[in-house]
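Report on the following structure.
The numbers here are math on the coordinates, done by the rules we state, and not lab data. Predicted model, so just to flag it, every value in this text is computed and none were measured. All Cβ positions, glycine included, derive from the backbone under ideal geometry; neighbour counts span all protein chains shown.
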Amino acid sequence: MRFFGIAVLVGILFVGCASTSVVSKSTMGNLEIYVLTTEGRQLNNAEIYLDGGFIGNQTGRLPVIYAKRGERLIRVECPGFKPYEKKVMILGDPNHQVLNIVLEKL
């Protein structure tokens, strides 16, 4: 019984320390990104950055980024191609946005 009381007290303390921010669909949006060459070929090794942070390589299977609503900076880099940068406005749920990026060779 004593252990149970201590566990409850610790639980109450941790709840007080927990963040109350909740991510809802209305504060998030999705952006589908396709990176192509000028010939229309998809570049699956293109590196995608969101607001300066690397988020991964574009693939044909998972081209969707989930981000907070608002203005975001998208940067795409790929060896042998000029970097691409664009500010986009993430609108949030229920909007589904698509960004087709065409990279030019160096």
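Multiply the residue separation of Q42 and T27 by 0.36 nm, subtract the distance between their alpha-carbon atoms, and state the gained length in nm to one decimal.
Additional length available on full extension: 2.4 nm.
Calculate one ³J(HN,Hα) per residue across the range 95-106 by plugging θ = phi - 60° into the Karplus curve 6.51 cos²θ - 1.76 cosθ + 1.60, and present them in order as whole Hz with x for glycine and proline.
Listing the rounded values in order: 6, 10, 9, 10, 10, 9, 10, 10, 8, 9, 5, 6 Hz.
Taking 0.36 nm per residue of separation and subtracting the Cα-Cα distance, what length does fully extending L73 through K105 add?
9.4 nm
Under unit Cβ charges (Lys, Arg +1; Asp, Glu -1), what dipole magnitude, rounded to 20 debye, does the range 23-103 have relative to its Cα centre?
Charge dipole, the range 23-103, about its Cα centre: 120 debye, nearest 20.
Please give the peptides 41-48, 82-89, 65-72 ranked by average Cβ packing (other Cβ atoms within 10 Å per residue), highest first, as a rough proxy for protection.
41-48, 65-72, 82-89
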